[in-house]
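> Here it is: the structure, laid out below.
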Amino acid sequence: MAYEHILVETHDNVGVITLNRPKALNALCTDLVREVGSALNDMEANNEIGAIVLTGSEKAFAAGADIKEMADKSYMDVYLEDFITNGWEVITTCRKPIIAAVAGYALGGGCEFAMMCDFILAADNAKFGQPEITIGTIPGAGGTQRLPRYVGKSKAMEMVLTGRIMDAEEAERAGLVSRIVPLEELKDEAIKTAAKIADLSRPIVFTAKESVNRAYETTLAEGLRFERRTFHATFATEDQKEGMQAFAEKRSPKFNHR
Ligand SMILES: CC(C)(O)CC(=O)SCCNC(=O)CCNC(=O)[C@H](O)C(C)(C)COP(=O)(O)OP(=O)(O)OC[C@H]1O[C@@H](n2cnc3c(N)ncnc32)[C@H](O)[C@@H]1OP(=O)(O)O
């Protein structure tokens, strides 16, 4: 399929989606978000692909939702089209792990896009923020809910109320990003990390992702029960047998994704 605002590539068993609206700093217009959703659905259905990287340019992962596109919308427009939920959350429903590889600006919806992914690798020039308050609105794609879960209430509240931008080091200290890599290595490192995941057992990776995500949606007791059951379920897979036998035989496992 031909896309206008994104580039799609595969590197062995890794799918890579690059946001590509350079003149607008990858502002997330409706068509771009729709294209990301469509590419993700294709990658989810492609048995060759085991993990996905979502990235942007060196200057901007994404500078937010497209302000010019949304500026004149009325309340009834945004309400009826369920603006911002509609189309965006496909990132969160994808079962395959998605790594956000962020360089430059990840602001507003850009930061929210990154936070919807499973984890964020940041280049040393990455900048994160929720500046919606400075343009007369608030985060509408999860920023007020996900940011506090990543960085805690105090820092999230300061960022949402002032629009202050955090650099990569602060984002790493706060737990928003898993690690920082030099800008020139970002894409390769993200693909290498995704490839490691893609080589593992697909059903076990899905189970691990689902279990960690459960921690954000339930109580500790319920989450622990869920983990116990899914842990037990791994023993019903061929890949658990293969993984443990390979360890005992001092060889690399060969997972069949069954
Ligand atoms: C999803 C929700 C609900 O949470 C809502 C949102 O996401 S609201 C958007 C939040 N984001 C912002 O408020 C950031 C807006 N952008 C900026 O503040 C600046 O562009 C910058 C600090 C990221 C970079 O500044 P600079 O290097 O000076 O570049 P510019 O000349 O400002 O931008 C270049 C070009 O890109 C266009 N642009 C940038 N961001 C957006 C955007 N979010 N929407 C639409 N267009 C954007 C900017 O207008 C420039 O284009 P031209 O005007 O030159 O054609």
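> Quick one: in region 6-198, what % of C-alpha pairs are over 19 Å apart? Display every interim value, and only then the final one.
Details: 10230 of 18528 pairs.
Roughly 55 percent, rounded to a whole number.
> For region 201-249, take the alpha-carbon Rg, divide it by the Kirkwood Rh, and send me Rg/Rh. Can you show the working numbers first?
Numbers: Rg = 12.4 Å, Rh = 11.6 Å.
Here Rg/Rh amounts to 1.07.
> At 0.36 nm per residue, minus the direct Cα-Cα distance, what do Lys192 and Ser74 gain on full extension? Give it in nm, one decimal, please.
38.1 nm is the gain from fully extending Lys192 to Ser74.
> Which whole DSSP H helices in the chain pass both tests: a Cα extent of 20 Å or more along the axis and a mean Kyte-Doolittle value no lower than -0.5?
Numbers: long enough: 30-45 (23 Å, -0.15); 220-234 (21 Å, -0.58).
Helices meeting the criterion: 30-45.
> Something else: Counting only C-alpha contacts under 8 Å and six or more residues apart, can you give the relative contact order of the chain as a whole percent? Kindly include the intermediate steps, with their values, before the conclusion.
Numbers: 460 pairs, mean separation 42.3, N = 258.
With pairs under 8 Å counted, the relative contact order is 16 percent.
> Can you find, among Ile98, Gly136, Leu32, the residue sitting farthest towards the positive end of the charge dipole of region 6-198, where Lys and Arg contribute +1 and Asp and Glu -1 at Cβ?
Going by the charge dipole, the pick is Gly136.
> Here's something else I'd like to know. Straight-line reach from Lys250: which lysines have a Cα under 23 Å away, not including same-chain ones fewer than 8 places off?
Lys196, Lys241
> A further question on this structure: Please give the length that would be gained between Ala221 and Glu48 if that part of the chain were fully extended, namely 0.36 nm times their separation in residues minus their C-alpha to C-alpha distance (nm, one decimal).
Gain in length upon complete extension: 58.6 nm.
> I've got another one for you. Excluding residues on the same chain fewer than 8 positions from Lys127, give the lysines whose Cα lies under 21 Å from its Cα.
Lys23, Lys59, Lys153, Lys155, Lys187
Computed from the coordinates by the stated procedures, all read-outs in this text should not be read as laboratory data. It should be emphasised that the depicted structure is a prediction, and the values quoted were computed from it without experimental measurement. Neighbour counts run over all protein chains shown; Cβ positions are idealised from the backbone, glycine included.
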